Amino acid sequence: MMSANQDPFKKDREDSGVHTARVDGETIPLILTLREIRKTAKDWQTFSSDNPLMCVLHSEAHVRTVRQLPLEIDPPAHTEYCSIVEPIFKRPKSDPAYAVAIERIINQALDQWFQANEPEAVRGLALPIQCHALAVLLQMPEAAAHEWISWGVHVFHDRDDGNDAGPVLEAYTQKQFERAKEEPGNDFFSILNEAEIQGRKLSMEEKQGYANVTFAGGRDTIINTLSSIVAYVAEYPESLHFLREDEQHLITATEEFVRYVSPLTAITRKCPHSTALHDQTVAAGGRIGLCWPSANRDEDVFDQPDKVILNRKPNPHVGFGFGPHNCLGAPHARLVIRSFLKQLCNRIETMQLIEATPKVEQEETFSRMSGYESVTVRVTPR
């Protein structure tokens, strides 16, 4: 249940503003307050993103071989790499047909979902919506989404056989770049095949870096947010009535669910030089973490931070990051979430929560809920 989504960083945030995490034998200070996270996120000279395979708490060397672009690179090169894909990720704001396509996808997913007596919302609803919506963003055929669905909720760690799926993703994107070379079009892979940087075509490693973060970065985050919305509405069915009262509530509720769920625990930065951080010293080459969910519960910024307030305003959350590396996919994610809320209002009279199994991230020094493994409900359509 949503009430299980407690804040494990509250005491450290109030006491020192830092949580000292132990991850795979490494000590990583996590910055906890919104003010300090915003300040740190903008200071790329002191806190660098140029640290391939290490952008999250645990090394991803065992699930990918490429630097994620433009995530794991600093300005000024970061700006140039961003400019290549910005037109793709700005389409939700500029293309009127985009929202229509997303609503169609959500309605088709709901049609299928309603067929079950007690439908499940993670793999049964949120996963197919995320994959089909990604196909719209990347201008890929709808059939491609069916293969992506088979990868599971997290493309790196969710195979049915228990093995990591990173090599599957890299093999797939390699094949798609080769396909697009033979049959060029206006899709994501064709665009990157033709893209240039500093007067040269992108290397295959660079193209794979873009593809890797595009497929992995926004997957479980959107899925966790959509399934958390289902759990919340089922737990608080009166919320649908509130959302229907004013279309502005769909906008504020979108931001509030992103703030409250905060699926990604932290993005890390490397310190090129020895750096003082509160009462600690981070050695040259050491890492710090920007703890987004802690910032999004900062009681100095948010009134009743542990409560979902659907019309919260202002809401200066950092659920999509902050600074130069603010999430390029944020316009797409916002549109998907807002459209999802709208269709729940249009098509569901009420929902009853049957069972919800939280997804818990267990680390040596903290544990936190980042979404759900499964959410089963009973639905009364309108």
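Per-residue answers, yes or no, for (1) of a type outside the set (A, V, I, L, M, F, W, C); (2) more than 20 Å from Ser374 (Cβ to Cβ):
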{"position": "Pro87", "(1), (2)": "yes, yes"}
{"position": "Lys93", "(1), (2)": "yes, yes"}
{"position": "Pro128", "(1), (2)": "yes, no"}
{"position": "Ala143", "(1), (2)": "no, yes"}
{"position": "Gly152", "(1), (2)": "yes, no"}
{"position": "Phe156", "(1), (2)": "no, no"}
{"position": "Glu170", "(1), (2)": "yes, yes"}
{"position": "Leu192", "(1), (2)": "no, yes"}
Among the listed residues Ala180, Ala216, Ala231, Ala211, which satisfies the condition of being out of contact with any strand residue (DSSP E or B) (no Cβ under 7 Å at 6 or more places or on another chain) and more than 15 Å from Ile88 (Cβ to Cβ)?
-> Ala216
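Considering only the range 134-184, how many residues are of a type in the set (Val, Ile, Thr), farther than 21 Å from Arg104 by Cα and at pLDDT 85 or above? Talk me through it step by step, then tell me what you get.
Of the range 134-184, the ones of a type in the set (Val, Ile, Thr) are 136, 149, 153, 155, 168, 173.
So of that shortlist, the ones also farther than 21 Å from Arg104 by Cα come out as 153, 155, 168, 173.
Within this subset, residues satisfying the condition of being at pLDDT 85 or above are 153, 168, 173.
The total comes to 3.
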What helices (runs of 4 or more DSSP H) completely inside the range 145-254 contain at least 1 residues that are in contact (Cβ under 8 Å) with a residue 24 or more places away in the chain and either of a type in the set (Ser, Thr, Tyr) or closer than 30 Å to Val308 by Cβ (or both)?
-> 166-182, 204-217, 219-235, 238-245
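Let's see how each residue does on (1) at pLDDT below 95; (2) surrounded by 11 or more Cβ atoms within 10 Å (Cβ to Cβ); (3) out of contact with any strand residue (DSSP E or B) (no Cβ under 9 Å at 6 or more places or on another chain):
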residue	(1), (2), (3)
Thr268	no, yes, no
Gly285	no, yes, no
Gly289	no, yes, no
Asp306	no, yes, yes
Pro314	no, no, yes
Identify, by number, the condition in (1) farther than 20 Å from Leu328 by Cβ; (2) assigned to a loop (DSSP other than H, G, I, E, B); (3) within 19 Å of the chain's Cα centre (by Cα) that Ala116 doesn't meet.
-> (3)
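Given the structure, is Glu103 surrounded by 13 or more Cβ atoms within 10 Å (Cβ to Cβ), over 27 Å from Glu349 (Cα atoms) and either among the charged types (D, E, K, R) or touching a His at 6+ places or on another chain (Cβ under 7 Å) (or both)?
Numbers: surrounded by 13 or more Cβ atoms within 10 Å (Cβ to Cβ): yes; over 27 Å from Glu349 (Cα atoms): no; either among the charged types (D, E, K, R) or touching a His at 6+ places or on another chain (Cβ under 7 Å) (or both): yes.
Against the criterion (surrounded by 13 or more Cβ atoms within 10 Å (Cβ to Cβ), over 27 Å from Glu349 (Cα atoms) and either among the charged types (D, E, K, R) or touching a His at 6+ places or on another chain (Cβ under 7 Å) (or both)), Glu103 does not qualify.
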Just one of (1) buried (at least 20 other Cβ atoms within 10 Å of the Cβ); (2) assigned to a helix (DSSP H, G or I) trips up Gln343, so point out which.
-> (1)
Name the residue, out of Val360, Val336, Val379, Val318, that is part of a strand (DSSP E or B) and either under 23 Å from Arg219 (Cα atoms) or free of Cβ contacts under 8 Å to residues at least 40 places away in the same chain (or both).
-> Val360
Residues in the range 33-42: is at least one outside any strand (DSSP E or B) and under 30 Å from Leu192 (Cβ atoms)?
-> yes
Leu53 is checked against (1) closer than 30 Å to Thr173 by Cβ; (2) part of a helix (DSSP H, G or I); (3) free of Cβ contacts under 8 Å to residues at least 24 places away in the same chain and fails just one. What number does that condition carry?
-> (2)
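The values are calculated or read from the model by the stated rules, or taken from the named source; none is laboratory data. Quantities reported herein were computed from a predicted structural model and do not represent experimental measurements. Quick reminder, even Gly has a Cβ in these numbers, built from the backbone with ideal geometry, and neighbours come from all protein chains shown.
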